[in-house]
Every structure is written in C-alpha cells, then in structure tokens.
Amino acid sequence: MTLSLSIVVPAYNEGARLSKSLRTIVTYLNEYAPASELIVVDDGSTDDTAGTARAELSDSRTVHTSVISYQSNLGKGRAVRLGLLASRGDIALFTDADLSTPITETPKLIDPILRGECDLAFGSRALDRSLIGVHQPWRREQGGRVFNLIVRLATGLPFWDTQCGFKAFRMSACRPIIEGATIDRFGFDVELLYVAYRAGLRLKEIPVRWDHAEGSKVNVASDSVKMLSEVGRIRQQARRGVYDRAIKAVHDTQV
C-alpha cells in the first residue's frame, strides 16, 4: 500500500504535550492529505509517551497511524531514520513533537517535491528571520548561527540552517541515504544533507515559520561540543568511504 504522504514524529519524554500536537497533525492531514500516515517513534522515553500517542491516535479515521516504541534511548537521529524507513508514503516528512514549525507549513516543503523541483526540502529559520515568532534565548540562537557557519566551512554545504526539525524526502530518491546514515544524535541532520548533497540529489532550503518552544532536550554547552564532534566524524567517514555505497545506490536509482 503506497500513501501520498507520511509524517514522522520522533518523541522522547513528550507525554505532556504530545496529545495536542498529534491532534493538530491529524486534523490537518484529514483536510490536506487524507491518503496519508502518521508515525510516532518513541525513542526510549521514561514517561508514557508511547501510551499517550496510542491513546490519542486510537480513533483516527482516514489517516493511517502507528507508534514505534523501544526501551533504550537511541537518539533522535535513529528515531527519525526508523520512522522514515517504516513509512509508506511517496514523500515522508519529519517534524519535531513540539511543532515549533507549524504543521500548516507542510506544503512549503511538499509542493516543490511534487513539482519535481527537488528531492529533499528542508525548513530554514535563517533565510527569513521575520518568520520567527518566538525567538530562542540569545545564547542558544547565537550558538546555532555559529554551529551552522562551522558546518558550512567543514562540509562545503551551501545552506544556512541544517538543524530545523522540519524536513521532507522523496523516498524513492532518498531511501539509500537514510539507510546509509550512521549519526544517531544531534548531528544526524548534517549527515543526511551532506550525503544527499554529495550524491547529487537536489536539495532546497525553504524559509518557514518557527516559534521557540520550552522543553528542548538540547543542552547548549555539552551538546554543542558533541554536535561539532559528530561533524568531524562525518568528514572522517566520508574520507574513509563509509558513504560510498549509499551514494552509488542513489546514482543507480537515477539511471
């Protein structure tokens, strides 16, 4: 069964706010893309994230829903990949559980893929900062800008915001990239974009609305160091040929 659109929501200890987010997504999908699915990936939460998701999605009608849950916290990157690879949509989009980017921004990413303009579309807070309603704390926002500058210098990616949790994939083109990714924590976005870019896929950075939501799992000090370490790991793995098979698989699908 092939669906038009899959929405993947990675969630870690999101029991308190997940119900509202899922209700918002289902309501939107019922109107925008009834032939769609919603996949929640519970990344080893210690609260009742999975139970909350199942209860909220139990009476969904036209939208196909599922909850993937496991005991160990494997990282947001792993959760996103598991959700994307389990999806059955021609296009799969992942969004953060807090809906910092409103789900109503979905057409901004989906439509260029449907029109054949790109294979991977991703939201950006950097291209039009007037779309930011509630800003992050100053230190966190400046840290994000510095991180993205370092990413540009280290990887050669020509993009200004790799970390916005709102990305859409043409799965027929991007599946090998997702299967070949290795970064499980916060650097996973950079890895996906980097390998897709190296493989010659068409990427499009698109300005989206965004509002900071309290309750982020990112620690500015410690996680910034980890993220930079992961960027270095991506470069090392590229030099060692770790991504060569995925890149070749992408080329093979385009022949």
When the stretch 42-72 is checked residue by residue, the ones that are open to solvent by less than 30 Å² (accessible area, probe 1.4 Å) and more than 18 Å from LYS20 (Cβ to Cβ) are ASP43, GLY44
Taking the stretch 225-250 and keeping residues of a type outside the set (D, E, K, R), touching a helix residue (DSSP H, G or I) at 6+ places or on another chain (Cβ under 9 Å) and part of a helix (DSSP H, G or I) leaves MET227, LEU228, VAL231, GLY232, ILE234, GLN237, ALA238, ALA246, ILE247, ALA249, VAL250
Open item on the list: Take the conditions outside any strand (DSSP E or B), out of contact with any His (no Cβ under 7 Å at 6 or more places or on another chain), of a type in the set (Val, Ile, Thr) and without any contact (Cβ under 8 Å) to a residue 60 or more places away in the chain and apply them to THR106. Does it pass?
Closed with: no
Taking the stretch 109-129 and keeping only residues that are farther than 12 Å from ARG209 by Cα, among the acidic types (Asp, Glu) and in contact (Cβ under 8 Å) with a residue 24 or more places away in the chain, one is left with GLU117, ASP119
A careful count of residues in the stretch 129-144 that are exposed (fewer than 14 other Cβ atoms within 10 Å of the Cβ) and either in a helix (DSSP H, G or I) or among the aromatic types (Phe, Trp, Tyr) (or both) gives 5
Note: among VAL190, VAL146, VAL151, just one is farther than 30 Å from LEU114 by Cβ and β-branched (Val, Ile, Thr), namely VAL146
Taking LYS76, is it open to solvent by 20 Å² or more (accessible area, probe 1.4 Å) and over 23 Å from THR27 (Cα atoms)? yes
Picked from the stretch 200-214 (must be at pLDDT 95 or above, closer than 13 Å to PHE166 by Cα and part of a strand (DSSP E or B)), the residue most open to solvent (accessible area, probe 1.4 Å) is LYS204
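The values are calculated or read from the model by the stated rules, or taken from the named source; none is laboratory data. Please read all numbers here as calculations on a predicted model, not as lab measurements. Don't worry about glycine lacking a Cβ; one is built from the backbone with ideal geometry, like all the others, and counts go over all protein chains shown. Note: areas computed on protein heavy atoms with side chains; ligands, DNA, RNA excluded. Shrake-Rupley method; radii C 1.70, N 1.55, O 1.52, S 1.80 Å.
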